[in-house]
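Colleague: I have a structure here, written as structure tokens, and I will follow up with some questions on it.
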Amino acid sequence: MEPLIGLTAGGGGHTGYAVAIAQRLAGRARLFFFVSAGDEWSIGRVKGLGGFIEVPRLRSPDKPVPAIMTLHRLAAAYLRSLRGMPRGLSLLVSTGSSQAVAPSLAAKTLGKRLFNLECSDRIATPTRTARLLYRFADETLLAWEEQLRLYPRGVVVGPVYEKAEHKPYKGGYVLFTMGTYGYKELFDQVVKLGLEKAVVQTGKVDPEPYRKARPGWVFFDFDPDIGKWIAGADVVVTHPGVTALSAALAYGKPVVIVHNPRWALAGTREDARMLAEKLNGVFLEEMDPPGIMSAIREAESRPPPRYPDGAENIAKLILSYAQEH
């Protein structure tokens with residue numbers, strides 16, 4: 001019988017990491033996901049891949065909560081994870097975010113093996129969740145050799161990114177996508193650019209004012225199939241994360257990486273700069289129209305890099321462990 005593998009899907013890029021690993025395990029393992037409660041986007045991404053339960057998230061980048069509330073949520077999420085842990089689970093893969101803590105603790109309580117994935121875009125500084133779980137995880141999985149400075153007992157597997165689901169082509173537009181929360185200050189500058197065609201995914205930032213300012217462009221807040229827009233982009237301008245990795249490594253697109261200082265939990269300026277270097281992309285230094293256009297033009301001249309497929313290497317480690325146990 002195929003092994004049963006659990007993965008946390010804590011929203012945004014963390015769900016992207018879970019989906020990337022699940023894509024490589026398809027047909028070789030049964031899958032079960034621990035999804036952030038109320039995260040309909042993540043539920044939509046995983047429900048066709050395996051079973052799932054919803055687990056409360058401890059916090060989110062834009063809504064800090066008091067410590068006492070965090071502890072209350074942790075207790076509730078831990079109990080939910082214990083009760084919802086499927087029988088026969090071989091191991092759990094934490095893909096990060098605060099939502100992964102409770103399922104990881106529950107898995108260890110029940111004697112399950114825990115694989116702890118650090119984000120591929122956190123090269124200079126650790127994430128809180130991966131650093132916490134490093135203390136008792138059976139394996140901590142890393143994208144880059146540089147991350148061994150943060151996790152000396154880690155295993156370097158390569159960057160983790162989703163497979164391309166559309167054939168790449170040059171659609172003559174630049175794609176701007178800044179994830180779930182968006183980046184208003186960037187969008188305010190982007191609409192001033194002299195581009196004939198652009199596609200802008202705004203996240204939680206209202207797209208309507210920008211749609212009125214540039215009626216010839218495409219604006220939307222969310223699209224569950226962001227891959228179709230990546231596939232046709234000439235250049236992808238984005239924040240550090242799975243979208244940047246997938247754009248460069250799965251679709252072969254030139255990338256411009258933008259650091260958003262509003263989201264401290266998403267990493268530092270140095271993390272963003274180092275990821276841009278790894279992806280042979282351009283780190284956006286000047287966030288004004290001339291600076292943005294210069295970065296786009298520079299990115300167009302740079303070929304995408306090649307790296308080992310981290311998600312496939314993780315899948316092989318998982319299946320190897322499952323066969324031994």
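Colleague: Given the options E277, E298, E285, E312, name the one that is modelled with pLDDT under 95 and either in contact with a Lys or Arg (Cβ under 6 Å, 6 or more places away or on another chain) or closer than 17 Å to V236 by Cα (or both). I'd like the intermediate steps shown before the answer.
Modeller: On the way: E277 fails: modelled with pLDDT under 95; E298 fails: modelled with pLDDT under 95; E312 fails: modelled with pLDDT under 95.
Result of the check over E277, E298, E285, E312: E285.
Colleague: Can you run down the residue pairs with Cβ atoms below 6 Å, 6 or more apart or on separate chains, where the first is in region 13-29 and at positive phi and free of Cβ contacts under 8 Å to residues at least 40 places away in the same chain and the partner is charged (D, E, K, R) and assigned to a helix (DSSP H, G or I)?
Modeller: As it stands, the answer is none, since no pair meets every condition given.
Colleague: Hey, can you tell me all the residues within region 94-138 that are within 25 Å of I53 (Cα to Cα), buried (at least 24 other Cβ atoms within 10 Å of the Cβ) and β-branched (V, I, T)?
Modeller: Scanning region 94-138 gives T95, V101, T129.
Colleague: Would you pick out the residues in region 139-151 that are surrounded by fewer than 23 Cβ atoms within 10 Å (Cβ to Cβ) and over 11 Å from S94 (Cβ atoms)? Give the derivation first.
Modeller: From region 139-151, those surrounded by fewer than 23 Cβ atoms within 10 Å (Cβ to Cβ) are 139, 144-151; that's our starting set.
Matches in region 139-151: W144, E145, E146, Q147, L148, R149, L150, Y151.
Colleague: Another question about this same structure. Which count do you get for residues in region 156-189 that are touching a strand residue (DSSP E or B) at 6+ places or on another chain (Cβ under 6 Å) and within 22 Å of D39 (Cα to Cα)? Spell out the reasoning first.
Modeller: At the first step, the residues of region 156-189 found to be touching a strand residue (DSSP E or B) at 6+ places or on another chain (Cβ under 6 Å) are 156-157, 170, 173-177.
So of that shortlist, the ones also within 22 Å of D39 (Cα to Cα) come out as 177.
Of the residues in region 156-189, 1 are touching a strand residue (DSSP E or B) at 6+ places or on another chain (Cβ under 6 Å) and within 22 Å of D39 (Cα to Cα).
Colleague: If the requirement is being at positive phi and of a type in the set (S, T, N, Q), which of these qualifies: S90, S97, S120?
Modeller: S97 is the lone residue from the list that is at positive phi and of a type in the set (S, T, N, Q).
Colleague: Sort out which residues of region 87-128 are part of a helix (DSSP H, G or I) and over 18 Å from G310 (Cβ atoms), and write them in order of number. Before you say what the answer is, go through the steps one by one.
Modeller: Of all residues in region 87-128, those part of a helix (DSSP H, G or I) come to 98-109, 128.
The answer is S98, Q99, V101, A102, P103, S104, L105, A106, A107, K108, T109, R128.
Colleague: Which is assigned by TED's automatic domain parsing to the domain that holds P240, part of a loop (DSSP other than H, G, I, E, B) and more than 20 Å from G227 (Cα to Cα), of L195, L186? Talk me through it step by step, then tell me what you get.
Modeller: Working: L186 fails: part of a loop (DSSP other than H, G, I, E, B).
Only one candidate qualifies: L195.
Colleague: Next question. Of the residues D309, D271, which single one is touching an Asp or Glu at 6+ places or on another chain (Cβ under 9 Å) and under 22 Å from Y161 (Cβ atoms)?
Modeller: On the way: D309 fails: touching an Asp or Glu at 6+ places or on another chain (Cβ under 9 Å).
The conditions single out D271.
Colleague: Which of the strands (runs of 3 or more DSSP E) found entirely inside region 211-297 contain at least 1 residues meeting this: over 19 Å from the mean Cα position of the chain (by Cα)?
Modeller: Working: elements: 218-220, 233-238, 255-257.
Output list reads 218-220, 233-238.
Colleague: Criterion first (aliphatic (A, V, I, L, M) and either closer than 30 Å to E2 by Cα or at pLDDT below 95 (or both)) does I230 satisfy it?
Modeller: No, not satisfied.
The values are calculated or read from the model by the stated rules, or taken from the named source; none is laboratory data. Model, not experiment: these values are computed from the prediction. Glycine also receives a Cβ, built like all others from the backbone with ideal geometry; neighbour counts cover every protein chain displayed.
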